[in-house]
Amino acid sequence: MLINIKKILADNPSPSTHEGTNTYILGNENLVIIDPGPDSDKHLSKLINYIGKRKVELIVATHHHADHIGLLHKLSSIKNSPIFIGRGQINTFYKYDSRLEERCCLFESTILTREFRINTIHTPGHSSDHYCFHIPSIALFSGDHIMGWSTTMIRLPDGNMRDYLESLELIKNLSHEQILPAHGEKILDGKKRCQQLIDHRNKRSLQVKNTLKNAELNLSEITEIIYGKINKKLIDYAKCTLEALLENMIENNIIKKEKKKDIYYYSIK
Ligand SMILES: [Zn+2]
């Protein structure tokens, strides 16, 4: 089976989105769109130009962040296309835009389109409502769970490190084909990339453990020691993900935290 896959890059480059969000349009005549992208007129007209007179059979999104679903309602209205969402996306999507409710229907573990079949995989971690979309022997669309250029950001409380690591294991065991991420270039060896990301998290946990060996430190201090001098724009993202890791290490009984004058200090348990 051959499926036509078109990637259209949105004009929203930033420290967290890299060159911007990738929108994927699949199929020949009956199209499926994954992650419409940010609310940008320029991006919308690029999508509409490519789609032309063809039918958009359905639209899905990997999660509720604005750089993925900013255009969701507009595109769905213009093309008169249904939006398929997972159970885990109901609250977050409708909270983002209540108008979505009238255009959405629920998907289960598979979506059968006119041209192919898509398996839906709930992969919480980057966000609680994150899904990857898998077309066996063709591609795995990984959204922000696995990115092509960097590790993903995990911001509490919607993000969760334990969930993220479990979702990585899940995808590692499934991904026998290329991974097409929402940011950055395609990843040819998906299994290897998942393992690298798991190893990276384990390495960070070890670094935190060593850093806290003889010290009681707060989040800013730990971030500075572990990340050293990094771009100021990236420090907030690094801090968020590190905080999620620290919470995970507390759950695992490795470290503890104590509040002193409104600031949490972390130490070895
Ligand atoms: Zn995101």
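The values are calculated or read from the model by the stated rules, or taken from the named source; none is laboratory data. Treat the numbers as computed from the prediction; the structure is a model and nothing was measured. Every residue, glycine among them, receives a Cβ derived from its backbone with ideal geometry; neighbour counts consider all protein chains shown. For the accessible areas, the whole protein counts, side chains as well, though only heavy atoms, and no ligand, DNA or RNA atoms are used. Shrake-Rupley method; radii C 1.70, N 1.55, O 1.52, S 1.80 Å.
Going by the alpha-carbon gyration tensor, a ≥ b ≥ c the square roots of its eigenvalues, is segment 50-129 rounded (a/c under 1.5) or, if a/c is not under 1.5, prolate (a/b greater than b/c) versus oblate? Note, shape of segment 50-129 comes out oblate. Residue ranges 134-145, 205-216, 177-188 sort as 134-145, 177-188, 205-216 when ordered by packing (mean number of other C-beta atoms within 10 Å per residue, highest first).
Nearest 5 percent is fine: what portion of the DSSP beta bridges confined to segment 5-189 is antiparallel?
Numbers: 20 of 32 bridges.
Expressed as a percentage, antiparallel bridges in segment 5-189 total about 60.
Mean projected area of the Cα convex hull of segment 200-268, taken over all directions, amounts to 4.6 nm². Solvent-accessible surface of segment 114-216, taken per residue with a 1.4 Å probe and all protein chains present: 43 Å². Using alpha carbon centroids, what distance separates segment 181-203 and segment 85-146, in Å? The distance from the Cα centre of segment 181-203 to that of segment 85-146 comes to 20 Å.
Taking each residue as 0.36 nm, the span from residue 99 to residue 220 lengthens on full extension beyond its C-alpha to C-alpha distance by 39.6 nm.
For segment 5-189, the dipole from Cβ point charges (+1 on Lys and Arg, -1 on Asp and Glu) about the Cα centre works out to 540 debye, to the nearest 20.
Would segment 5-189 count as rounded, prolate or oblate if I go by the C-alpha gyration tensor, calling it rounded below 1.5 in a/c and otherwise prolate when a/b exceeds b/c, oblate otherwise?
On the way: a/c = 1.31, a/b = 1.25, b/c = 1.05.
Note, shape of segment 5-189 comes out rounded.
Taking other residues whose beta carbon is less than 14 angstrom from the beta carbon of residue 32, and scoring Lys, Arg as +1 and Asp, Glu as -1, yields +3.
The 3J(HN,Hα) values that the Karplus relation (6.51, -1.76, 1.60; θ = phi - 60°) gives for segment 191-202 are, in residue order, 4, 5, 4, 4, 4, 4, 5, 5, 4, 4, 5, 4 Hz. Gly and Pro appear as x.
Under the combined filter of DSSP loop state and at most 16 neighbouring Cβ atoms within 10 Å, segment 235-269 retains none of its chymotrypsin sites (Phe, Trp or Tyr not before Pro). Nonpolar atom fraction for segment 156-269, defined as the carbon and sulfur part of the 1.4 Å probe accessible area, stands at 50 percent. Counting charges near residue 71 (Lys, Arg +1; Asp, Glu -1) among other residues having Cβ under 14 Å from its Cβ returns a value of 0.
Distances between placed amide hydrogens fall under 5 Å for residue 107 paired with 85, 86, 87, all partners being 5 or more residues away or on another chain. Other residues lying with their Cβ under 11 Å from the Cβ of residue 127 contribute a combined charge of -3, Lys and Arg counting +1, Asp and Glu -1. What segment 1-104 shows is 45 Å² of accessible area per residue, with the surface traced by a 1.4 Å probe over protein heavy atoms.
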